[in-house]
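K.L.:
Can you read through this structure? Questions will come right after.
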Amino acid sequence: MPAAQSDLREELNGAEEDGPEHDARIFGEVTDLFLSNVGRLGDSQIAAVDGVLAHLVGRVEATTVIQLSEALSTVDRAPRQTIRKLAFHEQPQVAAPVLRSSNCLAETDLLEIIKGRSQQHLLAICDRTTLNEALTDALMRFGDVSVSNALARNAGARFSECGYATLVGRAERDEGLAEKLGVRLDIPGSLLRELIGKVADVVRARFLTGSRPVARGKAQNSAATAGQVARKAIDYTQAQSEVVALNRTGKLNDSIVNRFAVRGEYTHVVAALALKADVKVEAIEPLLEADRVYGLIVACKAAQVSWSTTTMIVRNRPHCPPSTDRELEQCVAVYESLLLSVAQWTIRFGSDRILAKKSEPAAAPTPGKKVSQPA
């Protein structure tokens, strides 16, 4: 490597005279040399590579530099000055890979780029696995509506109270942003309440009765049981008959539904909510899944079930791990924000969507593609 280092320095010194083809050749050789030996290079050798590549980044064709940016974006020991040159590159196609993924950029670098580069640069930063409050505040200050939507979609983005309030304010005029915010796991209950009050009925109904992300640990637990639950069709005939009989005699009250939940009699819970909310059991059943808790809250409110009983229903859902404090805070916000008439309209809207989706024909297999058979 030392000999190669010396040769590269000599060739680099002549780069001004030899022109673009010479630059491209040296750039390619050094890139290949680094990427094939990165695990064996010492700090001084990486610094030598850095000196060459950082010098040439602005003198080589963008298509070639994009390849370097993609290759270095996931390398933890990437040459730092080269990474900075790539990140600050005026062409967003060059900068984007390292802006999205590189761990070698300091927060100060990212803040400087946010303040001085294009919206495409900002959008690339929005895709980083994690973003702290200082970065999201800056992105919202200098970014357009696309940036706000990209941030709301990023589960790893963290927002200050002011940042979240800004997003909720913008969501009043942006349906897509409202729906993304409505299903975030970390939105404070107070701001969820504000969001529910600001948006149009249809927008609210879409995010309250649709699926939402589930915390990583909860998702794993749910995945382990989802297949078993999906394969076992549940017959609600008996539960529906018993619930109808109770209702006819005036005994289908809050305490009875509470008792069903505590005992884990969820065929009866589903049948009771469906009857009292005036929707089909097929529309209530999916709401017991971990990613549909908001829809379950809406169904309980529409069925005129008390918050105490609603809590029992949420806490005792089959195959669902315990709700977090934040999730319960969000559930309270949903329950208390909805008037009875709004909850009833919302659950019927959601019911129509769920039943319509169930009735959609299965997608036809692609010609020539093998279709796996059920076990």
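K.L.:
Starting from 0.36 nm per residue, how many nanometres of slack lie between residue 119 and residue 315 once their C-alpha separation is accounted for? Working shown, then result.
P.N.:
Details: separation 196, 0.36 × 196 = 70.56 nm, distance 4.36 nm.
Extending this stretch completely gives an extra 66.2 nm.
K.L.:
Continuing with the same structure: Express the C-alpha Rg of segment 124-181 as a ratio against the empirical globular expectation 2.2 N^0.38 Å, rounded to two decimals.
P.N.:
Numbers: Rg = 9.9 Å, N = 58, 2.2 N^0.38 = 10.3 Å.
For segment 124-181, the normalised Cα radius of gyration is 0.97.
K.L.:
Here is a follow-up. Evaluate the distance, in nm, between pseudo-label points positioned 7 Å from the Cα of residue 145 and of residue 186 along their respective Cα→Cβ axes.
P.N.:
2.6
K.L.:
Here is a follow-up. Taking a probe of 1.4 Å, how large is the accessible area per residue of the chain, in Å²?
P.N.:
Values: 19180 Å² over 375 residues.
About 51 Å² of surface per residue is accessible.
K.L.:
Could you list which residues have their amide H under 5 Å from that of residue 157, counting only those 5 or more apart in sequence or on another chain, with H placed in the peptide plane?
P.N.:
For residue 157, the qualifying residues are 131.
K.L.:
Pairing the Cα long axis of helix 43-56 with the longest principal axis of the chain, what angle in degrees results, from 0 to 90 and rounded to the nearest 10?
P.N.:
Here the helix axis deviates by roughly 90 degrees.
K.L.:
Consider all pairwise Cα distances in the chain and report the whole-number % of them above 32 Å.
P.N.:
Numbers: 36048 of 70125 pairs.
In whole percent, the long-distance tail amounts to 51.
K.L.:
For segment 278-334, which whole percent of the accessible surface, found with a 1.4 angstrom probe, sits on carbon and sulfur atoms? Intermediate values should be presented prior to the final figure.
P.N.:
Working: 990 of 2080 Å².
Result for segment 278-334: 48 percent of the exposed heavy-atom area is carbon or sulfur.
K.L.:
I want to verify a result. In a Gaussian network model of the chain, Cα cutoff 10 Å, which of these has the top mean-square fluctuation: 300, 104, 126?
P.N.:
Highest fluctuation among the options: 104.
K.L.:
Taking the Cβ-Cβ separation of residue 262 and residue 106 as r and a Förster radius of 56 Å, what is the calculated FRET efficiency to the nearest 0.05?
P.N.:
Values: r = 54 Å, r/R0 = 0.96.
The pair residue 262/residue 106 has a calculated efficiency of 0.55.
K.L.:
How much of residue 301 can a 1.4 Å solvent probe reach, expressed as accessible area in Å² and rounded to 10?
P.N.:
40
K.L.:
Continuing with this model, one more query. Given N residues in segment 230-367, what is its alpha carbon radius of gyration divided by 2.2 N^0.38 Å?
P.N.:
Values: Rg = 15.3 Å, N = 138, 2.2 N^0.38 = 14.3 Å.
Segment 230-367 yields a ratio of 1.07.
K.L.:
Could you calculate, for segment 89-199, the ratio of the Cα radius of gyration to the Kirkwood radius, expressed as Rg to Rh?
P.N.:
Working: Rg = 13.8 Å, Rh = 14.1 Å.
For segment 89-199, the value is 0.98.
K.L.:
Is there a pair in 280/358; 276/358; 280/357; 280/301; 232/358; 180/358 whose C-alpha atoms are over 19 Å apart, and which pairs would that be?
P.N.:
276/358; 180/358
K.L.:
First compute the accessible area of segment 104-167 with a 1.4 Å probe, then give the percent of it belonging to carbon and sulfur atoms.
P.N.:
Numbers: 1390 of 2820 Å².
The C+S portion of the solvent-accessible surface of segment 104-167 is 49 percent.
K.L.:
A further question follows. Report the extension gain between residue 22 and residue 172 in nm, rounded to one decimal, defined as 0.36 nm multiplied by the number of residues separating them, less their alpha carbon distance. Mind showing how you got there, number by number?
P.N.:
Values: separation 150, 0.36 × 150 = 54.00 nm, distance 5.52 nm.
Gain on stretching residue 22 to residue 172: 48.5 nm.
K.L.:
Here is a follow-up. Expressed in nm to one decimal, what extension gain is obtained for the pair residue 336 and residue 77 from 0.36 nm per residue of sequence separation less their Cα-Cα distance?
P.N.:
That works out to 88.1 nm of additional length.
K.L.:
Ordered by residue, what ³J(HN,Hα) values in Hz, to whole numbers, does segment 102-110 give under the Karplus form 6.51 cos²θ - 1.76 cosθ + 1.60, where θ = phi - 60° and Gly and Pro are x?
P.N.:
6, 8, 8, 8, 7, 4, 5, 4, 4
K.L.:
So if we plug the beta-carbon distance of residue 251 and residue 304 into 1/(1 + (r/R0)^6) with R0 = 22 Å, what FRET efficiency do we get, rounded to 0.05? All intermediate terms of the calculation are to be shown ahead of the outcome.
P.N.:
Details: r = 15 Å, r/R0 = 0.68.
It comes to 0.90.
K.L.:
In addition: Could you calculate the FRET efficiency of residue 357 with residue 160 from 1/(1 + (r/R0)^6), where r is the beta carbon distance between them and R0 is 45 Å, rounded to 0.05?
P.N.:
Numbers: r = 37 Å, r/R0 = 0.82.
That gives a FRET efficiency of 0.75.
K.L.:
Let me have the relative contact order for the chain, percent, based on Cα pairs under 8 Å that are six or more residues apart. Don't skip to the answer; put the middle values down first.
P.N.:
Working: 448 pairs, mean separation 40.1, N = 375.
It comes to 11 percent, rounded to a whole number.
The values are calculated or read from the model by the stated rules, or taken from the named source; none is laboratory data. Quick caveat: nothing in here was measured; it's all calculated off a predicted structure. Here the Cβ is made from the backbone with ideal geometry for all residues, glycine too, and neighbour counts use every protein chain on show. For accessibility, only protein heavy atoms count, side chains too; no ligands or nucleic acids. Shrake-Rupley method; radii C 1.70, N 1.55, O 1.52, S 1.80 Å.
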